[in-house]
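The values are calculated or read from the model by the stated rules, or taken from the named source; none is laboratory data. Note that this is a predicted model, so its numbers are computed, not measured. Here the Cβ positions follow ideal geometry from the backbone for every residue, glycine too, while neighbour counts run over all protein chains shown. With ligands, DNA and RNA removed, areas are computed over all heavy atoms of the protein, side chains included. Shrake-Rupley method; radii C 1.70, N 1.55, O 1.52, S 1.80 Å.
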Amino acid sequence: MITVPAAQVPRGAHLHTPHGTFTVTRRTTTSRAVVLRTACRRSLAFDADRPVQVTLPHTPAPAVRGA
């Protein structure tokens, strides 16, 4: 788990809040805020620079050519 500004939460990340853990499906940024849409169709709004705790999605290692 890492802490990043809400405006930098990538799609697919697991957002940890006091109300539970949510998978982020979309991020909409306004001038001062960010709205994170979740897989369960909730919209969570944060100040863009507010630190939030996330677990980043697993990305497989790139394939090695010639292996």
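Here are the numbers:
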item: Selected residue (criterion: modelled with the lowest pLDDT) from residues of the stretch 1-41 that are open to solvent by 80 Å² or more (accessible area, probe 1.4 Å), touching a strand residue (DSSP E or B) at 6+ places or on another chain (Cβ under 7 Å) and not hydrophobic (A, V, I, L, M, F, W, C); result: Arg32
item: Checklist (1) open to solvent by 40 Å² or more (accessible area, probe 1.4 Å); (2) modelled with pLDDT of 95 or more applied to Pro57, failing item; result: (2)
